[in-house]
Amino acid sequence: MRRTRHEAQRGELIAVHSGKGGLGSTSIAVNVAQSLAAQRTDSRVALVDLVVTGGDVRVFLNLRPAYDLSHLIAKGSQVDAELLNSVLTPCPGGVWALPTGDTPEDEELFDSAAVTSILNLARSQFAYTVVDCEHHLSEATLTALDLSNRIVLVTQLTVPALRSTQRSLAVCRRLGYEEAKLCVVVNRYQSGDVLPIKDAEALLQAPIFWKLPNDYKLSADSLTQGVPVTLHDVNAKLARGYSELARKLSALAGSGSFSRVATLDGRRNRSDRIT
């Protein structure tokens, strides 16, 4: 589908999602955002944590922000570009982060209208907005998936991970997303994995968009220091993997390949479409 002039002026929204925890979706969101900032120095890159309670973006980047996403949500229709920019936290490497808080009560504030407003505002201010989504299909997660240009579906070559990704793909297809919007990324890939890539693709009925090599020590060291892998050791194989993934996503954004962004009206009957 061709973009209108208005759509062409909007920044790209990349949602990172995994159907179960422990697969490394936050690591990918953080490092893809940092890689995009490094590669596109003429553009602004935002990182939004939509894991409403217990989001780890602030941990991965060692942030202690005075304000977080819940403060914007609470402002409702009063949120504008000036307020958004005042709440964002600048990070080493050029990323502007918007972490979530630690108050469980905030979750009921994160409805579709509020999340749509903030993500669309971010897209108007940033060339790229990377969103770390919750593992369950909450209203906030479904809204981010609807609005995104690309969905990075994180998996691993294990039976539980692939079954979870299979379910996520099925939901995305029932929601009517184009296949080009769905980018399956295998995390912690090792050449000796029992399940070959071709078997994973057959099971998922989708191509593997990218593979990220396994490097537990580097990932753990980076997390301990609160620094993205791509800044901690730029020459490491894993850092290069993140960089190439970001470059591939960026190339899609510039190629004219575009998936339709759902409207609020189109989401009102979402429950009918996923059952």
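The values are calculated or read from the model by the stated rules, or taken from the named source; none is laboratory data. Worth saying up front: this structure is predicted, and the values here are computed from it rather than measured. Don't worry about glycine lacking a Cβ; one is built from the backbone with ideal geometry, like all the others, and counts go over all protein chains shown. Each accessible area value is taken on the protein alone, full model and side chains, heavy atoms only, with ligands, DNA and RNA left out. Shrake-Rupley method; radii C 1.70, N 1.55, O 1.52, S 1.80 Å.
Odds and ends about this structure:
- Taken together, the residues in region 18-37 that are open to solvent by 20 Å² or more (accessible area, probe 1.4 Å) and either of a type in the set (Phe, Trp, Tyr) or part of a loop (DSSP other than H, G, I, E, B) (or both) amount to 4.
- Failed item, numbered, when THR89 is tested on (1) without any contact (Cβ under 8 Å) to a residue 60 or more places away in the chain; (2) crowded, with 23+ Cβ neighbours inside 10 Å: (2)
- Residue count for region 130-177, restricted to those that are closer than 18 Å to VAL115 by Cα and β-branched (Val, Ile, Thr): 5
- Residue check, ARG123 crowded, with 18+ Cβ neighbours inside 10 Å and either in a helix (DSSP H, G or I) or without any contact (Cβ under 8 Å) to a residue 60 or more places away in the chain (or both): yes
- Of the helices (runs of 4 or more DSSP H) lying entirely inside region 178-234, those containing at least 1 residues that are in contact with a helix residue (DSSP H, G or I) (Cβ under 9 Å, 6 or more places away or on another chain), of a type in the set (Asp, Glu) and under 30 Å from GLY93 (Cβ atoms) span 216-225.
- Within region 104-120, being part of a loop (DSSP other than H, G, I, E, B) and open to solvent by less than 40 Å² (accessible area, probe 1.4 Å) holds for one residue alone: PHE110.
- Test result for ARG173, assigned to a helix (DSSP H, G or I), open to solvent by 30 Å² or more (accessible area, probe 1.4 Å) and under 24 Å from LYS20 (Cβ atoms): yes
- Filter result for SER191 (under 17 Å from the mean Cα position of the chain (by Cα) and either modelled with pLDDT under 95 or under 29 Å from ARG240 (Cβ atoms) (or both)): no
- Which numbered condition LEU109 fails, given (1) hydrophobic (A, V, I, L, M, F, W, C); (2) without any contact (Cβ under 8 Å) to a residue 60 or more places away in the chain; (3) within 18 Å of ALA33 (Cα to Cα): (3)
- Evaluating GLU82 against the criteria (1) at pLDDT 90 or above; (2) touching a strand residue (DSSP E or B) at 6+ places or on another chain (Cβ under 6 Å) leaves one unmet condition, (2).
- Selection within region 38-58 - farther than 19 Å from SER138 by Cβ, open to solvent by 10 Å² or more (accessible area, probe 1.4 Å) and either in contact with a Gly (Cβ under 6 Å, 6 or more places away or on another chain) or in contact (Cβ under 8 Å) with a residue 60 or more places away in the chain (or both): ALA38, GLN39, ARG40, SER43, ARG44
- Test result for LYS75, more than 21 Å from ASN120 (Cα to Cα), among the basic types (Lys, Arg) and touching a helix residue (DSSP H, G or I) at 6+ places or on another chain (Cβ under 9 Å): no
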